[in-house]
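Here's the structure we're looking at; comments come further down.
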Amino acid sequence: MLRQALNSGTSFCVKRGLLTMRAEQLRPLRNMSLSSSVELTADRYPDVKRHNFALLDSNHVQFFKSVLGQDRVLTDAEELETYNVDWLKMVRGSSKIVLKPKTTEEVSQILRFCNSENLAVCPQGGNTGLVGGSVPVFDEVIVSTALMNNIISLDELSGVLVCQAGCILETLETYLQDRGLMMPLDLGAKGSCQIGGNVSTNAGGLRLLRYGSLQGNVLGIEAVKADGEVIDCLSCLKKDNTGYHLKHLFIGSEGTLGLVTKVAIQCPPNPKSINTAFLGLNSFDDVLRTYKDARAGLGEILSSCEMMDAQSLDACTSNLKLRNPIGDFPFYMLIETAGSNGKHDEEKLTHFLEQSMADGIVQDGTVATEPSRIKQMWNIRESISLALLSEGYLYKYDISLPHDSFYSIIPELTKRLPSHYIRCCGYGHIGDGNLHLNVTSKEYDHNILDAIEPFVYEWTSKLRGSVSAEHGIGFKKTKFIHYSKSQSSLNLMKDIKNIMDPNGILNPYKVLPSIWEPRERVTDAYMCDGFLFSYDLSLPYANYYELVEKTIERLSGCSSVVRICGHGHIGKSLMFFCDGNLHLNITSKEYDHEILELMEPFVFEWTSKLQGSVSAEHGIGFKKTKFVHYSKSRSSLNLMKDIKNIMDPNGILNPYKMLWDIRERVAEALINDGYWYTYDLSLPHKHFYDIVGKMEERLSNHPKVKRVTGLGHLGDGNLHLNVTSKEFDQEVFGLIEPFVFECTSKLRGSVSAEHGIGFTKTKFIHFSKFHGSLNLMKGIKKMMDPKGILNPYKVLP
Ligand SMILES: Cc1cc2nc3c(=O)[nH]c(=O)nc-3n(C[C@H](O)[C@H](O)[C@H](O)COP(=O)(O)OP(=O)(O)OC[C@H]3O[C@@H](n4cnc5c(N)ncnc54)[C@H](O)[C@@H]3O)c2cc1C
């Protein structure tokens with residue numbers, strides 16, 4: 001029996017934000033002696049060497065005071081303590097200065113100066129990050145965004161909020177709730193973390209299941225590059241396809257590519273009814289079953305789906321004296337629904353829970369509809385980190401894993417741990433496949449760490465999970481990033497870093513693994529030989545070496561071979577193990593057909609015989625299409641080919657086809673007029689249709705013009721403006737362009753909402769891309785395609 005009957009018909013909005021941990025709770029380090037007891041990062045990680053940055057001197061301090069005034073330059077050792085230590089008390093820097101700018105211009109002046117003086121910088125938001133990214137490793141200048149906390153605008157129709165980076169997440173939530181909206185993200189640290197920090201870490205949290213990631217919800221960003229240049233990508237448009245999506249460079253790059261100063265984010269309506277269920281279950285299989293049933297049974301109103309094991313709950317009840325609302329079970333789940341019709345939502349949840357209990361999957365549960373009880377339930381889930389931290393030292397891991405292997409790592413790891421650990425537990429966002437794995441001990445212990453790392457990452461990598469689901473890489477995970485990122489991706493990340501911060505002053509020692517440099521650049525080294533034949537195979541462990549040996553034997557008479565090698569084993573063999581994934585490389589001075597003939601299809605036949613895959617991670621592309629049958633059965637290939645037919649090419653299975661026909665065939669109808677001038681614009685809702693009227697007025701007396709029309713995706717602020725004439729007419733064309741782009745630009749719209757820039761819009765891209773954005777795009781293009789051979793004359797003017 002559910003412990004509490006649902007209140008039928010009640011609907012209200014809930015301010016769950018009020019239960020938040022506040023700064024005092026989130027920063028137990030205000031007490032200086034506690035902070036000082038944390039070992040210096042430089043001592044704990046002696047392998048990490050300080051780069052050759054300048055040391056802070058009195059002239060530097062003088063300059064910062066001239067920009068910010070005395071009050072916003074902190075140099076007092078005691079005051080600096082909390083900025084130098086992270087929330088987990090895991091890392092401690094020794095910065096001598098904290099700067100607190102209020103405006104983008106001040107940030108720009110600070111960074112320009114630091115860049116010219118070779119001073120390293122650590123951007124800091126709320127300092128709630130869990131991977132050691134937010135505090136200096138050595139003596140970097142800390143730039144805190146705490147005073148950049150203005151809300152700039154809110155468009156209540158589209159729900160787009162624009163604010164400075166230092167706004168605290170909970171402050172934004174409260175502001176929005178008063179206006180019928182909410183933030184698309186929510187996390188336990190909301191009382192301290194800032195939107196700039198959230199964006200820079202691409203934070204996930206409790207609402208991702210329903211509203212998606214920040215990569216989708218952040219519409220625009222303003223950021224300052226290391227050299228002080230302001231990159232204005234602060235678009236408020238839901239659709240803006242004008243070339244490279246530069247905002248993504250700053251989302252999740254953890255302050256290594258620029259300092260985020262403003263954010264534009266889309267905010268969904270605040271749900272009218274919220275119901276929360278706290279459930280007890282006997283096994284992890286039952287957790288999975290419940291999640292599956294919740295997705296099916298609750299559908300569009302399912303807004304959160306969290307799990308925790310008994311040890312996680314016990315940490316809260318034992319260490320923080322929180323009350324378990326139900327009995328003792330091996331696993332617990334928190335399921336929340338959010339919708340617009342209280343009665344409907346409650347009925348759905350009740351039906352789902354009754355069914356789950358009748359099936360014996362859910363053992364016990366309680367449902368809350370009142371804000372205070374909902375708050376209590378969430379308080380348990382959101383306090384787990386704090387409860388674990390209070391045991392002493394917390395080894396924290398945040399991994400993405402496939403659902404069927406989600407929890408098995410916990411018992412496996414428990415077996416490996418030396419006896420003096422206190423607790424090993426798991427909780428997390430089951431709906432997102434994101435497990436938080438935690439081990440605690442009285443104090444930091446190297447033996448415990450050795451039992452966990454790299455085991456956790458190897459395990460994750462074997463399952464093709466991610467070593468960082470939502471917390472980022474920071475300082476702590478740099479040397480493990482290769483478990484989740486391919487060598488070519490890492491090279492590209494480094495090249496981007498070099499373009500945007502050539503002196504490496506922004507958050508050094510974070511995200512990018514400099515100590516892994518030789519290993520990551522192995523492909524570059526091969527390329528120096530001339531030509532590279534590269535094979536990326538999945539093979540059973542027992543048979544890796546056989547293929548390398550066979551290759552050496554097979555190519556022994558081939559004089560053009562320079563090496564069959566890898567990882568420095570010159571002339572012999574390459575073994576690049578990762579999840580049964582072998583990269584076999586053969587180099588020659590130039591392309592040699594004989595090598596190709598000897599290797600293909602031999603290498604694929606060999607792989608197939610061992611039931612491996614002809615492409616472990618690089619895909620099929622063009623090169624491997626004719627070998628795909630070595631890994632895909634004939635029937636799978638047939639199925640792939642048949643999919644189009646299976647999906648009913650005549651469209652008779654789509655009962656709404658007739659309605660959509662009108663909308664979908666507009667283009668066909670317009671082309672029938674003769675010549676079609678078409679524009680795909682993003683515009684603010686308030687002025688969405690104005691341009692159609694203006695264009696009609698402008699072209700009204702022109703004899704060649706047949707029609708001026710507007711249609712589009714209203715919900716996305718995306719207008720398709722169309723003009724037709726019997727044939728192309730230069731005069732009509734001149735009346736439309738650049739007028740249409742000028743009007744769009746005045747409203748800060750986009751000259752391409754979704755169709756892209758292509759060839760025809762290159763000379764108008766500057767109407768939508770401002771200041772440094774175009775230069776940055778050109779820099780990236782030059783870095784990735786220095787000879788400009790890829791789609792020349794397109795996108796970039
Ligand atoms: C109790 C608790 C619960 C948490 N729950 C979650 C959760 O559910 N999901 C989740 O994803 N995370 C969670 N976190 C981790 C953390 O709160 C997030 O990573 C958060 O987004 C960090 O924001 P912040 O303002 O505190 O950033 P900080 O910790 O100050 O900084 C984080 C990183 O971003 C960089 N940075 C900060 N501001 C800027 C800026 N303006 N420009 C450029 N770089 C910047 C820093 O240099 C650093 O590398 C939790 C943390 C705690 C303590």
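Examine the stretch 712-719 for a residue that is of a type in the set (Gly, Ala, Ser), touching a His at 6+ places or on another chain (Cβ under 9 Å), touching a residue at least 60 places away in the same chain (Cβ under 8 Å) and buried (at least 17 other Cβ atoms within 10 Å of the Cβ), and state whether such a residue exists.
Yes, that holds for at least one residue.
For the structure I just gave you, tell me whether LYS239 is at pLDDT below 95, buried (at least 20 other Cβ atoms within 10 Å of the Cβ) and of a type in the set (Lys, Arg).
yes
Just to be sure before I move on: is THR366 closer than 26 Å to HIS436 by Cα, of a type in the set (Ser, Thr, Tyr) and touching a Phe, Trp or Tyr at 6+ places or on another chain (Cβ under 6 Å) in the structure I sent?
Taking the combined requirement at face value, the residue satisfies it.
Hey, does the stretch 130-138 have a residue that's away from the ligand (no atom under 12 Å from the Cβ), in contact with a Lys or Arg (Cβ under 6 Å, 6 or more places away or on another chain) and within 19 Å of LEU512 (Cα to Cα)?
Within the stretch 130-138, one or more residues are away from the ligand (no atom under 12 Å from the Cβ), in contact with a Lys or Arg (Cβ under 6 Å, 6 or more places away or on another chain) and within 19 Å of LEU512 (Cα to Cα).
Could you list all residues from the stretch 442-459 that are in contact (Cβ under 8 Å) with a residue 12 or more places away in the chain, out of contact with any Lys or Arg (no Cβ under 7 Å at 6 or more places or on another chain) and not in a loop (DSSP other than H, G, I, E, B)?
ASN447, ILE448, LEU449, ILE452, VAL456, TYR457, GLU458, TRP459
For PRO418, only one of the following conditions fails: (1) without any contact (Cβ under 8 Å) to a residue 60 or more places away in the chain; (2) out of contact with any helix residue (DSSP H, G or I) (no Cβ under 8 Å at 6 or more places or on another chain). What is its number?
It fails just one condition, (2).
Going through the stretch 263-310 one residue at a time, which ones are within 16 Å of the ligand (Cβ to nearest atom) and either surrounded by fewer than 17 Cβ atoms within 10 Å (Cβ to Cβ) or over 21 Å from TYR211 (Cα atoms) (or both)?
Answer for the stretch 263-310, where residues must be within 16 Å of the ligand (Cβ to nearest atom) and either surrounded by fewer than 17 Cβ atoms within 10 Å (Cβ to Cβ) or over 21 Å from TYR211 (Cα atoms) (or both): just MET308.
For LYS321, state whether it is surrounded by fewer than 17 Cβ atoms within 10 Å (Cβ to Cβ) and either modelled with pLDDT under 95 or closer than 15 Å to ILE384 by Cα (or both).
For LYS321, the condition - surrounded by fewer than 17 Cβ atoms within 10 Å (Cβ to Cβ) and either modelled with pLDDT under 95 or closer than 15 Å to ILE384 by Cα (or both) - is met.
Within the stretch 215-249, take every residue that is of a type in the set (D, E, K, R) and more than 22 Å from ALA469 (Cα to Cα) and give me the one that is farthest from the ligand (Cβ to nearest atom).
Going through the qualifying residues, I end up with LYS239.
Select the strands (runs of 3 or more DSSP E) contained entirely in the stretch 233-325, then report the ones holding at least 1 residues which are aromatic (Phe, Trp, Tyr) and closer than 30 Å to THR414 by Cβ.
Answer list for the stretch 233-325: 273-281.
What about PHE733, is it among the aromatic types (Phe, Trp, Tyr) and either modelled with pLDDT of 95 or more or part of a helix (DSSP H, G or I) (or both)?
Spelling it out, PHE733 is indeed among the aromatic types (Phe, Trp, Tyr) and either modelled with pLDDT of 95 or more or part of a helix (DSSP H, G or I) (or both).
Step by step: first the residues of the stretch 194-210, then only those that are under 19 Å from GLU382 (Cα atoms) and not in a loop (DSSP other than H, G, I, E, B), then the one that is farthest from the ligand (Cβ to nearest atom). Which residue is that?
Per the criteria, the residue is ARG210.
Pull up the stretch 727-765, narrow it to residues that are within 38 Å of the chain's Cα centre (by Cα) and among the aliphatic types (A, V, I, L, M), then point me to the one that is nearest to ASP673 (Cα to Cα).
The qualifying residue nearest to ASP673 (Cα to Cα) is VAL740.
For ASN498, work out the one condition from (1) more than 17 Å from the chain's Cα centre (by Cα); (2) within 16 Å of the ligand (Cβ to nearest atom); (3) at pLDDT 90 or above it doesn't fulfil.
(2)
Output the residues belonging to the stretch 672-707 that are of a type in the set (A, V, I, L, M, F, W, C) and under 41 Å from the mean Cα position of the chain (by Cα).
Across the stretch 672-707, the qualifying residues are TRP676, LEU681, LEU683, PHE688, ILE691, VAL692, MET695.
For the stretch 106-128, give me each residue that is touching a residue at least 40 places away in the same chain (Cβ under 8 Å) and part of a helix (DSSP H, G or I).
VAL107, SER108, GLN109, ILE110, LEU111, ARG112, PHE113, CYS114, ASN115, GLU117
When the stretch 141-166 is examined, which residues are found to be near the ligand (Cβ under 10 Å from one of its atoms) and either part of a strand (DSSP E or B) or buried (at least 23 other Cβ atoms within 10 Å of the Cβ) (or both)?
ILE142, VAL143, SER144, THR145, MET148, GLN164, ALA165, GLY166
How many residues does the stretch 54-84 contain that are out of contact with any strand residue (DSSP E or B) (no Cβ under 9 Å at 6 or more places or on another chain), in a helix (DSSP H, G or I) and among the aliphatic types (A, V, I, L, M)?
Counting residues in the stretch 54-84 that are out of contact with any strand residue (DSSP E or B) (no Cβ under 9 Å at 6 or more places or on another chain), in a helix (DSSP H, G or I) and among the aliphatic types (A, V, I, L, M) gives 1.
Within the stretch 515-548, restricting attention to residues that are closer than 24 Å to THR478 by Cβ and hydrophobic (A, V, I, L, M, F, W, C), which residue is modelled with the highest pLDDT?
Out of the qualifying residues, it is ALA525.
For the stretch 398-457, give me the residue count where each residue is over 25 Å from THR290 (Cβ atoms) and within 16 Å of the ligand (Cβ to nearest atom).
So the answer is 1.
Does the stretch 179-191 contain any residue that is in a helix (DSSP H, G or I) and in contact with a helix residue (DSSP H, G or I) (Cβ under 6 Å, 6 or more places away or on another chain)?
Checked the stretch 179-191: no residue is in a helix (DSSP H, G or I) and in contact with a helix residue (DSSP H, G or I) (Cβ under 6 Å, 6 or more places away or on another chain).
Can you tell me which residue is surrounded by the most Cβ atoms within 10 Å (Cβ to Cβ) among those in the stretch 357-372 that are modelled with pLDDT under 95 and part of a helix (DSSP H, G or I)?
Among residues in the stretch 357-372 that are modelled with pLDDT under 95 and part of a helix (DSSP H, G or I), the one surrounded by the most Cβ atoms within 10 Å (Cβ to Cβ) is PRO371.
Given the condition of a type in the set (Val, Ile, Thr) and not assigned by TED's automatic domain parsing to the domain that holds GLY204, answer yes or no: does some residue in the stretch 55-70 qualify?
yes
The values are calculated or read from the model by the stated rules, or taken from the named source; none is laboratory data. It should be emphasised that the depicted structure is a prediction, and the values quoted were computed from it without experimental measurement. Glycine gets a Cβ as well: all are built from the backbone with ideal geometry, and neighbour counts include every protein chain shown.
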